[in-house]
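Read the structure below first, then the notes.
Where a number appears in this text, it was derived from the coordinates with a stated rule and is not lab data. Fair warning: this is a prediction, and the values are worked out from it, not measured in the lab. All Cβ positions, even for glycine, are placed from backbone atoms using ideal geometry, and neighbour counts span all protein chains on display.
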Amino acid sequence: MVVLTLLRRLATALLCALGLAAVPLGAGAVNPADPGKTLRYIFPAAETGFDPAISRDLYSGLVVQSLFETLYTYDYMARPAKLVPLTAEALPEASADGLNYTIRLKKGITFYPDSAFNGKKRELTMSDYVYAYKRLLDPKLASPHSWLFEGKIKGLDALAEQAKKTGSFDYDARVEGFEIVDKYTLKIHLTQPDFHLGMILAHEPTSAMAREVVEKYRDTAGQVMANPVGTGPYKLKEWVRGSKIVIDANPEFRGDVWNFQASSDPDDAKIVAQMKGKKIPQIGRIEILVMVEDQSRWLAFQDDQVDLFQLEGPLAPKALSNGKLRPELAAKGVQLSRIVDPEMSYYYWNFKDPVVGGMAKEKIALRRAISMAHNVQEDIDIVWNGEAVALPYPIPPGVVGYDPNFKSSIGYDPAAANLLLDKFGYKKGKDGWRTLPDGKPLTITYSARADSTGQQQLELWRKTYTSIGIRMAGDRRVFSELLKAEKNCQLQSRTAPWIADYPDGDNFMQLWYGPNTGQNNNGCARIPEYDKLYAASQKLQDGPERDVIYHKMTRIMEIYSAQKMGYARYRNMLAQPRVLGYKKHPILHAEWMYIDIEKRK
């Protein structure tokens, strides 16, 4: 027994030296978080819920990423983003042809005790991951993330098709593409090479889910939005929908040690000095308030009611000057972490809509004219106070495939836009407003968030439509309602932001892929030429050959003008002086696991 104890101590010391988990993963692991440390945070829009297979908004994602765990994650400090193991022992082992992957799970990780497990904790196994992956393809669940595995896993699509016919998904059925060798080893067999598999398995919809939890708490649609039970560093303590969320440290979480290396960023040295060697997580409680109005958020931060929050464009002048923190804030010790988000905010017109949608020449002309009439830079300057960069190409900076030299074929030219509408029969009446080619009234509805930013977008777009003689109706909705209507192809037009799920261009080019309608294809576009090229790009690794295809796809989008590229926003995160080790990560939503905070006096 003494020898065994010594061996365990030596093994633990070795793990520490290697920068791996310094806390044993087996029974008795204690979350190192201090219950006396609380971080206060703000959401500018309401969350939708905490089922990894269903939630698709950024704000829910911050919570989901704190409660659940994927097989992989990203190095907190590395730039560009670097994939690393989370619950997996190592990065996936790929066969030479890229069709087969072997993944091994760390042993001893547990779900926290819940009545679904008879009040006990339960060990995480590969079956929990396979169950979660199958859920994404369950037709009854209608997950917006099914695209992650559709057409890729041997036998999975056939199982989903069978469920559509029978009305019931057979979770016990064997799927050839998910070979569970033992409870800690999974082999994934693909229908074609997928060079982004590791990144996909780091995206929170692929988090492990316990079947017992789903079967106990699911609603009539099969969703588990309000009863999340995971293996992550935090657990849900309180949830008042659209108002307040509290998450506490999961007492069963195994913990880790902060042992990251500084990147080329000169500010990294300070972070390393603050955090290196600390057990993580450090913070015992996260309190999140939903504040829709910009001014309310700013006042809350000024009054020290908030420790960390995102300074969106409309508030930027209050804290920034030429992209730097104002001297009076810096003198107080306020911290700024600023990056260009790996995001694309783009404008779309619903391809299924009878007024703006379809492949007819006059419909294409209408969409193109609107694209030509809208001044993207004015959008950046007025709505976002200059806190964004124009993106003519659909892949943003910091993401593999980005092309800073791409030039769009559709420039800002309201005069040419008016001539185009004249040519295709959108005539102006005596009142100055255009009609449809058949003489019927023409009005286009633009939808936006029901907040001050949304109001500014409405006003700017009204100016755009007025410049070409088209009436515009404004539609303001809360964020969750926008997402729901968008998924069902019920919005006529909107500015849609998309932040990277993983740092590869594929994650952006899939936004306009026809089969992704009802998931991430917000404009519901179905363009055969585009879809064919996207399918071809799936078989290629990133590089010149794939870049050529992406350029062709972008030109096709411009030809049909189902959408117009917009901008990538700066993400300005302000932190109070007591926050330690914070640096905005380009892919991770929640950095709470990796930072610390001084206790309030």
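Under a 5 Å amide H to amide H cut-off, with H placed in plane at 1.01 Å, what residues pair with Asp504 once short-range neighbours are removed?
Result for Asp504 returns Val400.
Please arrange Ser60, Ser127 by how many other C-beta atoms lie within 10 Å of their C-beta, fewest to most.
Going from sparsest to densest Cβ surroundings: Ser127, Ser60.
Students often forget the sequence filter, so: which aspartates and glutamates lie under 13 Å Cα-Cα from Lys106 once same-chain residues fewer than 8 apart are removed?
Those aspartates and glutamates meeting the cut-off are Glu69, Glu89, Glu123, Asp182.
Treating only the Cβ of Lys, Arg, Asp and Glu as charged (+1, +1, -1, -1), what charge dipole size does region 473-531 show about its Cα centre? Round to the nearest 20 debye.
Roughly 380 debye, rounded to the nearest 20.
Where a Cα-Cα gap under 16 Å defines reach, which aspartates and glutamates qualify for Lys552, not counting those fewer than 8 residues away within the same chain?
Asp403, Asp506, Glu529, Asp531, Asp542
Based on DSSP H runs of at least 4 residues, each adding -39500 (n - 2.57), what is the mean residue ellipticity at 222 nm of the chain after dividing by all its residues, to the nearest 500 deg cm²/dmol?
-8000 deg cm²/dmol
How large is ³J(HN,Hα), in whole Hz, for each residue of region 530-539 in order, when computed from phi with the Karplus curve 6.51 cos²θ - 1.76 cosθ + 1.60 and θ = phi - 60°, using x for Gly and Pro?
Karplus values, whole Hz, x for Gly and Pro: 5, 4, 5, 5, 4, 4, 5, 5, 5, 8.
Go ahead and collect, in residue order, the members of region 86-119 whose backbone nitrogen is under 17 Å from a label point 7 Å along the Cα-Cβ direction of Glu545.
96-99
For q values of 0.21, 0.28 Å⁻¹, compute log₁₀ I(q)/I(0) with the Debye formula on a Cα-only model of region 452-493, without solvent.
At q = 0.21, 0.28 Å⁻¹ the computed log10 ratios are -0.74, -0.99.
I need Asp268, Asp219 ordered by Cβ neighbour count within 10 Å, fewest first.
Neighbour counts put them in this order, fewest first: Asp219, Asp268.
Using a 10 angstrom Cβ neighbour count of at most 15 plus a DSSP loop assignment to flag exposed GluC sites (Glu not before Pro), which longest range of the chain is free of such sites?
Maximal segment without exposed cleavage sites: 294-597.
Using a cut-off of 9 Å between beta-carbons, work out the net charge of the residues near Glu558 (Lys and Arg +1, Asp and Glu -1, Glu558 not included).
In short, +3.
Work out the length of the dipole vector of region 391-546 about its Cα centre, built from +1 on the beta-carbon of each Lys and Arg and -1 on the beta-carbon of each Asp and Glu, and round it to the nearest 20 debye.
It comes to approximately 780 debye.
For region 343-570, which semi-axes, largest first and in whole Å, follow from the square roots of 5 times the eigenvalues of its Cα gyration tensor?
Here the semi-axes work out to 28, 20, 17 Å.
May I ask which residue of Leu533, Gly411, Gly333 lies farthest towards the positive end of the charge dipole of the chain, with charges of +1 (Lys, Arg) and -1 (Asp, Glu) on Cβ and the Cα centre as origin?
Farthest along the dipole direction, towards plus: Gly333.
Residue by residue through region 57-62, which ³J(HN,Hα) values in whole Hz follow from phi under the Karplus form 6.51 cos²θ - 1.76 cosθ + 1.60 (θ = phi - 60°), with glycine and proline marked x?
9, 4, 6, 4, x, 4
Compute the acute angle (0 to 90°) between the alpha-carbon long axis of helix 361-373 and the principal axis of greatest extent of the alpha-carbon atoms of the chain; round to the nearest 10°.
80
How long is the gain from Thr466 to Glu161 if the chain were fully straight, where each residue apart is worth 0.36 nm and the alpha carbon distance is subtracted?
105.1 nm
Find how much the distance from Lys279 to Ser263 grows on full extension, using 0.36 nm per residue of separation minus their present alpha carbon separation; answer in nm with one decimal.
Full extension of this stretch gives 3.7 nm more.
Among Thr453, Gly469, Asn507, which residue has its Cα positioned farthest towards the positive end of the charge dipole of region 343-570, with +1 placed on the Cβ of Lys and Arg, -1 on the Cβ of Asp and Glu, and the dipole taken about the Cα centre?
Checked the options; the winner is Gly469.
Using the Cβ atoms and a cut-off under 10 Å, what net charge is assigned to the surroundings of Thr125, where Lys and Arg are +1 and Asp and Glu are -1?
Here the count lands on 0.
From the Cα gyration tensor of region 408-459, with a ≥ b ≥ c the square roots of its eigenvalues, which class applies: rounded if a/c is under 1.5, or else prolate if a/b is larger than b/c, or else oblate?
Cα axes put region 408-459 in the oblate bin.
Enter the per residue convex hull volume of the chain, computed from alpha-carbon coordinates, in Å³ rounded to the nearest integer.
Convex hull volume per residue, Cα atoms: 167 Å³.
Using the Cα centre as the reference, give the magnitude of the dipole from point charges on the C-beta atoms of the chain (Lys, Arg: +1; Asp, Glu: -1; all else neutral), rounded to the nearest 20 debye.
Result for the chain is approximately 620 debye, rounded to the nearest 20.
Relative contact order for region 48-230: what percent, with Cα pairs under 8 Å and sequence separation of 6 or more?
Computed value for region 48-230: 31 percent relative contact order.
Classify region 48-230: rounded, prolate or oblate, from the alpha-carbon gyration tensor (a ≥ b ≥ c, eigenvalue square roots; a/c under 1.5 rounded; otherwise prolate if a/b is larger than b/c)?
Because its axes are fairly even, with a/c under 1.5, region 48-230 counts as rounded.
Given R₀ = 51 Å, FRET efficiency for Ala226-Lys430 by Cβ-Cβ distance, to 0.05?
That pair, Ala226 with Lys430, gives E of 0.35.
Can you give me the angle between helix 2-17 and the longest principal axis of the chain, using Cα atoms only, in degrees from 0 to 90, rounded to the nearest 10?
Approximately 30 degrees, to the nearest 10.
Taking Cα atoms, how many degrees apart are the long axis of helix 126-135 and the longest axis of the chain, rounded to 10 and kept between 0 and 90?
Its long axis makes an angle of about 20 degrees.
As a test, work out the antiparallel percent of DSSP beta bridges whose residues both lie in region 401-482, rounded to the nearest 5.
20
Kindly list the residues of region 257-296 that lie in the label zone of Lys324, defined by a backbone N under 18 Å from the point 7 Å along the Cα-to-C-beta vector.
Under cut-off, by backbone N: 265-268.
Based on the alpha-carbon gyration tensor of region 460-562 and its eigenvalue square roots a ≥ b ≥ c, which shape applies: rounded if a/c is under 1.5, prolate if not and a/b is larger than b/c, or oblate?
The shape class here is prolate.
Please compute the net charge surrounding Gly358, taking Lys and Arg as +1 and Asp and Glu as -1 over other residues with Cβ under 11 Å from its Cβ.
Residues close to Gly358 contribute a combined charge of +3.
Amide H to amide H under 5 Å from Arg471: which residues, 5+ apart in sequence or cross-chain, H placed 1.01 Å off N in plane?
Amide H to amide H, under 5 Å and 5 or more residues apart or across chains, Arg471 pairs with Arg434, Ile444.
Tell me, what HN-Hα J-couplings in whole Hz come from the Karplus equation 6.51 cos²θ - 1.76 cosθ + 1.60 at θ = phi - 60° for each residue of region 214-229, using x for Gly and Pro?
Going residue by residue, I get 4, 5, 7, 10, 5, 8, 5, 8, x, 8, 10, 7, 10, 10, x, 10 Hz, with x marking Gly and Pro.
Would you mind checking which residues have amide H under 5 Å from Phe253's amide H? H placed 1.01 Å from N; only 5 or more apart, or other chain.
Sorted by chain and number, the residues that satisfy this are Asn31.
Among Ser146, Tyr76, Gln162, flag the residue with its Cα farthest along the positive direction of the charge dipole of region 48-230, charges on Cβ as +1 for Lys/Arg and -1 for Asp/Glu.
Positive-end residue among those listed: Tyr76.
How many percent of DSSP beta bridges within the chain run antiparallel, rounded to 5?
DSSP beta bridges in the chain are roughly 75 percent antiparallel.
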